[in-house]
Amino acid sequence: MIIDLHIHSSASDGKYTVTEIVKEAKNRKIEFMAISDHDNINCQTQAIAETKNAGIRYVTGVELNVTFSHPKYKEGKPVSLDFLGYQFEPDNKALKAKLALMAKYREERAAKILDNLNAEFRKEGIAVLTKEDFHQIEASVDGTLGRPHIADYLVKKGIVASRQEAFDKYLVKCDVPKFPLYLEEASKLVRAAGGKLVLAHGNDPHGTSLATLTKDLSEQTAIIKETMMPYIDGLECWHTRHTPETTRHYLTFVKENRLMATGGSDCHQKPVVMGTLDILSWVADQFKK
């Protein structure tokens, strides 16, 4: 059974539309999947309908960015972690209202990031970005506006050669704090909508993960046990940037603590990697139909 419970669409920062994702999933013989866009569930109703027509089992998904801190690490300063919500009702009013608020904040944050970028550009003698540039960035987004869209626009303008260069040279330096969503609230929102909350890519060395606090796997799972257990239902054990050692360690932890184990490629279609992980078929059995 081919499973992928972590795919992004053009409703956030993926390249493919829902229709294109479902078509590709069918071609790759994916049997159980979720589209889990960043802070956005606008495509879920469409995804439910299209996967049903394609004969693919589907579970609703979303990826929420959470502000987290631990007194033993980074002097207690907050870091970003991602959590995956699954199997929630896509029409839940409280969840939709919170995500709408977060989307509005994302637009305000993007405008402030552009102000910071312009300050850097003035120092370097680069033409500043205008309101028209901001409108063009917004027009390139089907759903949730984020820094990757700004990075892609800087590439389009010829200011940088790649998205990675945009982040390395400008977007890390010019960043503005994200919407302050905390784990307890994220858990309440997803669970009240009938869903489950799962820590995403906990040991991703290049993403928002516990690796920013510690690279030691035992310390990571100790953090989870000390601070997250009342609020989460599982861990993403399989991920494109998880090592086999990470997967084994996380699987042992979820079994010992009676948590769910999930997995997904985190595919943004750049390149297309959906359905490429060897996720064990019993993962699908954890989600009651």
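I want to confirm something. Restricting to the stretch 1-35 and keeping residues that are under 20 Å from the mean Cα position of the chain (by Cα), in a strand (DSSP E or B) and of a type outside the set (Val, Ile, Thr), which single residue is surrounded by the fewest Cβ atoms within 10 Å (Cβ to Cβ)?
Once the filter is applied, the top-ranked residue is PHE32.
If GLU75 meets every condition in (1) outside any helix (DSSP H, G or I); (2) modelled with pLDDT under 95 apart from one, which number is that one?
(1)
Kindly list the number of the only condition in (1) surrounded by 15 or more Cβ atoms within 10 Å (Cβ to Cβ); (2) at pLDDT 95 or above; (3) touching a Leu at 6+ places or on another chain (Cβ under 7 Å); (4) farther than 16 Å from CYS174 by Cα that fails for LEU117.
Among (1) surrounded by 15 or more Cβ atoms within 10 Å (Cβ to Cβ); (2) at pLDDT 95 or above; (3) touching a Leu at 6+ places or on another chain (Cβ under 7 Å); (4) farther than 16 Å from CYS174 by Cα, LEU117 violates only (4).
In the stretch 157-189, what residues are among the β-branched types (Val, Ile, Thr) and farther than 29 Å from GLU245 by Cβ?
Keep residues of the stretch 157-189 that are among the β-branched types (Val, Ile, Thr), which gives 159-160, 172, 176.
Within the stretch 157-189, ILE159, VAL160, VAL176 meet the criteria.
For the stretch 177-226, name all the residues that are of a type in the set (Gly, Ala, Ser) and either buried (at least 19 other Cβ atoms within 10 Å of the Cβ) or over 30 Å from LEU114 (Cβ atoms) (or both).
Just the residues of the stretch 177-226 that are of a type in the set (Gly, Ala, Ser), to begin with: 186-187, 192-195, 200, 202, 207, 209, 211, 218, 222.
Passing the criteria: ALA186, SER187, ALA192, ALA193, GLY194, GLY195, ALA200, GLY202, SER209, ALA211, SER218, ALA222.
Based on this model, can you work out whether THR221 counts as β-branched (Val, Ile, Thr), closer than 25 Å to PRO90 by Cα and touching a Phe, Trp or Tyr at 6+ places or on another chain (Cβ under 8 Å)?
Criteria not met by THR221.
Need the failing condition index for GLN87 against (1) in the same structural domain as ILE159 (by TED's automatic domain parsing); (2) in contact (Cβ under 8 Å) with a residue 40 or more places away in the chain, just the number.
Result: GLN87 passes all but (1).
Go through the stretch 1-24 and report how many residues are polar (S, T, N, Q) and touching a Pro at 6+ places or on another chain (Cβ under 7 Å). Spell out the reasoning first.
Step one: list which residues in the stretch 1-24 are polar (S, T, N, Q), which gives 9-10, 12, 17, 19.
Next cut, touching a Pro at 6+ places or on another chain (Cβ under 7 Å) only: none.
Total satisfying the criteria: 0.
Take PHE83 and tell me if it is surrounded by 21 or more Cβ atoms within 10 Å (Cβ to Cβ), in a loop (DSSP other than H, G, I, E, B) and modelled with pLDDT of 95 or more. Working first, answer last.
On the way: surrounded by 21 or more Cβ atoms within 10 Å (Cβ to Cβ): yes; in a loop (DSSP other than H, G, I, E, B): no; modelled with pLDDT of 95 or more: yes.
Answer is no for this residue.
Of the residues that sit in the stretch 50-72 and are of a type in the set (Val, Ile, Thr) and part of a strand (DSSP E or B), which one is farthest from GLU184 (Cα to Cα)?
If we take residues in the stretch 50-72 being of a type in the set (Val, Ile, Thr) and part of a strand (DSSP E or B), then VAL62 is farthest from GLU184 (Cα to Cα).
The values are calculated or read from the model by the stated rules, or taken from the named source; none is laboratory data. In this text, all values refer to a predicted model and were calculated from it rather than measured experimentally. A quick note on method: Cβ atoms are made from the backbone with ideal geometry, for glycine too, and the neighbour counts reach across all protein chains shown.
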